[in-house]
Amino acid sequence: MINNNQIYDTIIIGGGPAGLFCAANISIEHAEKGKYNGNSDNKILILEKKKLCGRKLLITGTGQCNITNKEEIKKFPAHYGGNGNFLKPSLSSFSNRDLISFFESRGLPLVTDKNGKVFPESKKASDVLDILISECEKKGVLIKTGDAVIKTEYQDNKRPGDLGLSDINLSDEHPGGRFIVHTENDRYECRNLVVATGGMTYPATGSTGDGYKFASGFGHTVISPSPALAAVYIRDFELSDLSGISFEGVKISLFRDNCKMSEQSGDLLITHKGFSGPCILHLSRHILPGDILKISFISGKNPEIFRQDITEKIEESSTKTVRKVLTESGLPERFVKKYLEISGISADLTCAHFNKKMRNRIISGLLGYEVLVDSLSGLNEAMVTKGGVDLKEINRKTLESKIIPGLYFIGEVSDIDGDTGGYNLQAAFSMAFAAARSISGKK
């Protein structure tokens, strides 16, 4: 039997940024309506499986916490693949400007880098987390940590069953039904259940896919989860000893079965096994093992103009080495030396001995260096999860389930994954606000 102290108006599973922000934005006036048998403490409960909330938030942006982006909010949907339209109502109701105002008005100065990424001035994710927890405490939200949810149930009041529920009849005030939440140590009851469990990446932080199991149990479809914003591993990688070298503004084209599938421009980082950096991370949602990537290492230059410039410089610099000419064009010296080596050309070869065939081969390679994708980094390394609860079964204005009233999915547990640059956290905060507003509007 569930006693009065275990009955809540709203239970949120997951103490990450989405769960905390949702709890902090449910109106106190609404939560008061959740009182049962005169117990004014039973309002909002957050259940977090780890001993501390916000474990994944603390490693966001290498611990610096890129909370959003300064880009115009109307341009945000383009950063979520094919699912950006789903987020339009949430982003409109709580924009990046609203998020910035939320934190700055609570004493957290923010700064914006040259790419529009917004960080706390302190560059400490813990400062963001402290404010979220403080706001929950002000609202009287109860946070229980270290007690994982293992099972969730729903009882429709039209189909009563014996689940060992409370003796309190909720059906008069809440005709939709009630949820029963089982943890390792207890059971709880509520009329609104918010699933904010995150995806499956960085499982050590608590994101182990629990929300998908809960969603399936409620009859929801789950799009198969996979890594997103992932580094790419290259088969027979020739540049592994250049790990750490980066390029600005490269262009990468993705080919599959001789057809161009996608293209992305941005910064690129060479790793021991392949490539990472914003450009490859954004493209990774489209990449499959066996795909071909063609990389132009020439930043911001028209290919034909680059070809013409290099050709003229080589013809005018007979005593210079080819390495020197390529380095002067803006390419990293270590990269140039390695690239010439794998192309079978001595780093000390002078332009006078650099024939047309060699020149065309080198220039063509720099404009379209071709590699074969072996695999993508796994769930332990990818930044976010692609897939999740099918958006077709979620009301995009309220984030409430179309299958079960009072059930909400917010954040990465749903089939939403954005580009790097603050777009994923903004989505989590905006979805959380939309769900909180929906819950607050209920009688």
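The values are calculated or read from the model by the stated rules, or taken from the named source; none is laboratory data. Small disclaimer: the values here were computed from a predicted structure and weren't measured. Please note: Cβ atoms are built from the backbone with ideal geometry, for glycine as well, and neighbour counts cover all protein chains shown.
Quick check on my filter: what residues within region 277-300 are β-branched (V, I, T) and surrounded by 20 or more Cβ atoms within 10 Å (Cβ to Cβ)? I280, I287, I295, I298 - these are the residues of region 277-300 that are β-branched (V, I, T) and surrounded by 20 or more Cβ atoms within 10 Å (Cβ to Cβ). Applying a threshold of 9 Å to beta carbon distances and a minimum spacing of six or more residues, or different chains, the list of pairs starting in region 364-387 at a residue that is farther than 18 Å from F297 by Cβ and in the same structural domain as R285 (by TED's automatic domain parsing) and ending at one that is of a type in the set (D, E) and in a strand (DSSP E or B) is empty. Scanning region 325-356 for residues that are of a type in the set (S, T, N, Q) and modelled with pLDDT of 90 or more yields T327, S343, S346, T350, N355.
Looking at A432, A427, A436, which one is closer than 24 Å to S265 by Cα, in the same structural domain as G61 (by TED's automatic domain parsing) and crowded, with 24+ Cβ neighbours inside 10 Å?
Working: A432 fails: closer than 24 Å to S265 by Cα; A436 fails: closer than 24 Å to S265 by Cα.
One residue alone meets the criteria, A427.
Report yes if some residue within region 134-149 is surrounded by fewer than 20 Cβ atoms within 10 Å (Cβ to Cβ), without any contact (Cβ under 8 Å) to a residue 60 or more places away in the chain and of a type in the set (G, A, S); otherwise report no. There is at least one residue in region 134-149 that is surrounded by fewer than 20 Cβ atoms within 10 Å (Cβ to Cβ), without any contact (Cβ under 8 Å) to a residue 60 or more places away in the chain and of a type in the set (G, A, S). Inspection of region 366-387 finds a residue satisfying the criterion of being touching an Asp or Glu at 6+ places or on another chain (Cβ under 7 Å) and at positive phi.
With respect to (1) touching a helix residue (DSSP H, G or I) at 6+ places or on another chain (Cβ under 9 Å); (2) within 30 Å of I404 (Cα to Cα), the lone exception for G206 is condition (1). Residues of region 63-90 that are part of a helix (DSSP H, G or I), surrounded by 23 or more Cβ atoms within 10 Å (Cβ to Cβ) and aliphatic (A, V, I, L, M): L87 alone. Taking the conditions (1) in contact (Cβ under 8 Å) with a residue 12 or more places away in the chain; (2) more than 26 Å from H353 (Cβ to Cβ) in turn, T321 satisfies each one other than (2).
Checking the structure you have, find out if any residue of region 293-303 is closer than 11 Å to V232 by Cα and out of contact with any Cys (no Cβ under 7 Å at 6 or more places or on another chain).
Restricting attention to region 293-303, the residues satisfying the condition of being closer than 11 Å to V232 by Cα are 293.
Then keep just the ones that are out of contact with any Cys (no Cβ under 7 Å at 6 or more places or on another chain); that gives 293.
Checked against the condition, which is being closer than 11 Å to V232 by Cα and out of contact with any Cys (no Cβ under 7 Å at 6 or more places or on another chain), region 293-303 yields at least one hit.
The single condition among (1) without any contact (Cβ under 8 Å) to a residue 60 or more places away in the chain; (2) assigned to a helix (DSSP H, G or I); (3) closer than 22 Å to V250 by Cα that F335 does not satisfy is (1).
Residue pairs whose Cβ atoms lie under 8 Å apart, sitting 6 or more positions apart in sequence or on different chains, and linking a residue in region 430-443 that is free of Cβ contacts under 8 Å to residues at least 60 places away in the same chain and acidic (D, E) to a partner that is surrounded by fewer than 18 Cβ atoms within 10 Å (Cβ to Cβ) and not in a helix (DSSP H, G or I), do not occur here.
Quick check on E304: is it surrounded by fewer than 16 Cβ atoms within 10 Å (Cβ to Cβ) and under 25 Å from N66 (Cα atoms)? Criteria not met by E304. If you go through region 253-276 one residue at a time, do you hit one that is buried (at least 18 other Cβ atoms within 10 Å of the Cβ), more than 29 Å from the chain's Cα centre (by Cα) and of a type in the set (V, I, T)? No; the residues of region 253-276 include none that is buried (at least 18 other Cβ atoms within 10 Å of the Cβ), more than 29 Å from the chain's Cα centre (by Cα) and of a type in the set (V, I, T).
To keep it simple, each residue is scored yes or no on (1) more than 28 Å from L425 (Cβ to Cβ); (2) of a type in the set (A, V, I, L, M); (3) touching a Phe, Trp or Tyr at 6+ places or on another chain (Cβ under 6 Å).
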{"position": "S329", "(1), (2), (3)": "yes, no, no"}
{"position": "A352", "(1), (2), (3)": "yes, yes, no"}
{"position": "N360", "(1), (2), (3)": "yes, no, no"}
{"position": "S375", "(1), (2), (3)": "no, no, yes"}
{"position": "E381", "(1), (2), (3)": "no, no, no"}
{"position": "N395", "(1), (2), (3)": "no, no, no"}
{"position": "L399", "(1), (2), (3)": "no, yes, yes"}
{"position": "F409", "(1), (2), (3)": "no, no, no"}
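Scanning region 309-332 for residues that are out of contact with any strand residue (DSSP E or B) (no Cβ under 9 Å at 6 or more places or on another chain) and assigned to a loop (DSSP other than H, G, I, E, B) yields S329, G330. The number of residues in region 151-181 that are surrounded by 14 or more Cβ atoms within 10 Å (Cβ to Cβ) and at pLDDT 95 or above comes to 6.
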